[in-house]
Amino acid sequence: MNLCFVLTMPNVASWDGKWSGEGNLYTIIEKFRPTLKHEAKARELISKGSWYYRWSDGWGARITVKEVSPKEARTIRRKSKGFCGYDWMVKSILNYGEIYADHQIPKPEPQPSYAQT
């Protein structure tokens, strides 16, 4: 199963209200192995559909996802201009289900120690 993640910038805080990448296609294709665990994760992502990340300066990015066929994936890869350095957003979605910058990643809860001293 192939998932296509697409980057857009719906909130632009530039002086002219435009993003220099407007009009280009920015995608990442992730291939999920045909196992129950991986397909369940892919279906979960598809059901959510999109994520939004806002920076403190007013810029905002949207990541959308959809399933694509292998043929569509090849075509999209050829047309894509990369991901503008925002690959970390897709990695965060895959790892945490949300977009977190490095300083926002939730820390795991400490596990109780049962060792006797």
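Values quoted throughout were computed directly from the atomic coordinates according to the rules given, and no laboratory measurement underlies them. Values in this document were obtained by computation on a predicted structure and should not be read as measured data. Counting neighbours? That spans all protein chains shown, and the Cβs are built from the backbone with ideal geometry, glycine included.
Give the order of CYS84, CYS4 when sorted by the count of other beta carbons within 10 angstrom, beginning with the fewest. It would help to have the intermediate numbers written out before the result.
Values: CYS84 15, CYS4 18.
The fewest-first ordering by Cβ neighbours comes to CYS84, CYS4.
Rounded, prolate or oblate: pick one for the range 2-102, where a ≥ b ≥ c are the square roots of the eigenvalues of its C-alpha gyration tensor, a/c under 1.5 means rounded, and failing that, prolate if a/b is larger than b/c, else oblate.
Note, shape of the range 2-102 comes out oblate.
Quick one: helix 36-48 against the long Cα principal axis of the chain, what's the angle to the nearest 10°, folded into 0 to 90?
Between helix and principal axis, roughly 50 degrees.
Around GLY49, under 14 Å between beta carbons, what's the net of Lys plus Arg minus Asp minus Glu among the other residues? Intermediate results must be reported in sequence, preceding the final value.
Working: positive: ARG43, LYS48, ARG62, LYS66; negative: GLU44, GLU67, GLU98.
Net local charge, GLY49 excluded: +1.
Run lengths n ≥ 4 of DSSP H only: what is the helix-derived mean residue ellipticity at 222 nm for the chain, with -39500 (n - 2.57) per run over all residues, to the nearest 500? Could you put the intermediate results ahead of the total?
Values: 3 runs with 33 residues, N = 117.
Mean residue ellipticity, 222 nm, calculated: -8500 deg cm²/dmol.
Which FRET efficiency value, to the nearest 0.05, do you get for THR35 and SER14 by plugging their Cβ-Cβ distance into 1/(1 + (r/R0)^6) with R0 = 30 Å?
Rounded to the nearest 0.05, the efficiency is 0.10.
Any chance you could run the full-extension gain for CYS84 through SER47? It's 0.36 nm times the residue separation minus the Cα-Cα distance, nm to one decimal.
Taking CYS84 through SER47 to full extension adds about 10.8 nm, to one decimal.
Given a Förster distance of 22 angstrom, what is the FRET efficiency for ASP102 paired with SER56, based on the Cβ-Cβ distance and rounded to 0.05? List each step's numbers first, then the result.
Working: r = 15 Å, r/R0 = 0.69.
Rounded to the nearest 0.05, the efficiency is 0.90.
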